[in-house]
Amino acid sequence: MSYRFSPSLCGLKIRLEPLSLKHMPDLLIAARDESLWRYMFYGNLAEPRHMQAFIHNALQLKAAGSDVPFAVIEQCSGQAIGSTRLRDMCMKHLKLEIGGTWYAPDYHRSGVNLECKYLLLRYAFETLGMLRVQFKTDIRNQASRTSLEKLGASLEGVLRRSAIMPDGVIRDTAIYSILDTEWGVVKQSLEQRLQRSKTSTPACLLSASS
């Protein structure tokens, strides 16, 4: 199988479809809040030149076979509201990273990230047969760290002074992971949370799925 191929992964609130330049107008709107970029390497993606470079770089890594980038699409509106990807894929050792994830602030704490991570993890473990999925985050990003721990990921350690951010800050990076031997328990927990989150699902989706 060629991992230059990108699947579309469908959930109730969102679907993940292969990222392309056609998503750029929506993503520029989604990226308008500058607070999104405090802990990320991309610069301010509300600027068209940065967004274009972000997408082009993602597509180059896809062509190289290391990354599978997605646009996060809201099912109700059909609009792109963010992006995520499978990255640093190593089929020899059956491991990869989920990263490059961001959403418009209106979708924070909405269940979108929960469903997005569930779709990616299920694909990684059940379709690709991965042994390990890891996540990296700026040690200062407490919201991200709390979300990963709630997801069921385990903190493995901290890479000290591991990267220079666009604003010149030298960051420490926290490393989290989920293993294939842990996926069954993590999956059950995520599915229970997804079931509870249906109470906040937009009416257009509930009526379509009933």
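Okay, residues lined up against (1) without any contact (Cβ under 8 Å) to a residue 24 or more places away in the chain; (2) surrounded by 14 or more Cβ atoms within 10 Å (Cβ to Cβ):
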{"residue": "21", "(1), (2)": "no, no"}
{"residue": "24", "(1), (2)": "no, yes"}
{"residue": "44", "(1), (2)": "yes, yes"}
{"residue": "52", "(1), (2)": "no, yes"}
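When residue 163 is tested against (1) surrounded by 13 or more Cβ atoms within 10 Å (Cβ to Cβ); (2) at pLDDT 95 or above; (3) out of contact with any helix residue (DSSP H, G or I) (no Cβ under 6 Å at 6 or more places or on another chain); (4) part of a strand (DSSP E or B), only condition (2) is not met.
Applying the set (1) at pLDDT below 95; (2) more than 18 Å from the chain's Cα centre (by Cα) to residue 144 leaves exactly one unmet item: (2).
Yes/no per residue for (1) touching a helix residue (DSSP H, G or I) at 6+ places or on another chain (Cβ under 9 Å); (2) open to solvent by 30 Å² or more (accessible area, probe 1.4 Å):
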residue	(1), (2)
56	yes, yes
64	no, yes
72	yes, no
119	no, no
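If you go through region 107-129 and keep only what is among the aliphatic types (A, V, I, L, M) and under 18 Å from residue 188 (Cβ atoms), you end up with 114, 119, 120, 121, 124. Of all positions in region 148-160, none carries a residue that is surrounded by 15 or more Cβ atoms within 10 Å (Cβ to Cβ), closer than 28 Å to residue 197 by Cβ and of a type in the set (Asp, Glu). Which one is most open to solvent (accessible area, probe 1.4 Å) among residues in region 28-42 that are in a helix (DSSP H, G or I) and under 21 Å from residue 140 (Cβ atoms)? Across region 28-42, the extreme among qualifying residues is 34.
Filtered by the rule that a residue be closer than 14 Å to residue 16 by Cβ and either open to solvent by 20 Å² or more (accessible area, probe 1.4 Å) or without any contact (Cβ under 8 Å) to a residue 12 or more places away in the chain (or both), region 88-105 gives a lone residue, 101.
Of all residue pairs spaced 6 or more apart or on separate chains, those with beta-carbon atoms under 6 Å, a first member in region 129-146 that is over 11 Å from residue 98 (Cα atoms) and open to solvent by less than 70 Å² (accessible area, probe 1.4 Å) and a second member that is in a loop (DSSP other than H, G, I, E, B) and of a type outside the set (Phe, Trp, Tyr) are 130/94.
One line per residue, one yes/no per condition, for (1) within 16 Å of the chain's Cα centre (by Cα); (2) touching a residue at least 12 places away in the same chain (Cβ under 8 Å):
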{"position": "7", "(1), (2)": "yes, yes"}
{"position": "12", "(1), (2)": "no, yes"}
{"position": "16", "(1), (2)": "yes, yes"}
{"position": "28", "(1), (2)": "no, yes"}
{"position": "36", "(1), (2)": "yes, yes"}
{"position": "48", "(1), (2)": "no, yes"}
{"position": "68", "(1), (2)": "yes, yes"}
{"position": "77", "(1), (2)": "no, no"}
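Rundown of residues vs (1) open to solvent by less than 70 Å² (accessible area, probe 1.4 Å); (2) modelled with pLDDT of 95 or more; (3) under 21 Å from residue 70 (Cα atoms), yes/no style:
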{"site": "107", "(1), (2), (3)": "yes, no, yes"}
{"site": "177", "(1), (2), (3)": "yes, yes, yes"}
{"site": "182", "(1), (2), (3)": "yes, yes, no"}
{"site": "205", "(1), (2), (3)": "yes, no, no"}
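The values are calculated or read from the model by the stated rules, or taken from the named source; none is laboratory data. Computed from a predicted model, the values in this text were never measured in an experiment. Note: ideal-geometry Cβ built from the backbone for every residue, glycine included; neighbour counts use all protein chains shown. Just the protein is used for accessible areas: all its heavy atoms, side chains included, with ligands, DNA and RNA removed. Shrake-Rupley method; radii C 1.70, N 1.55, O 1.52, S 1.80 Å.
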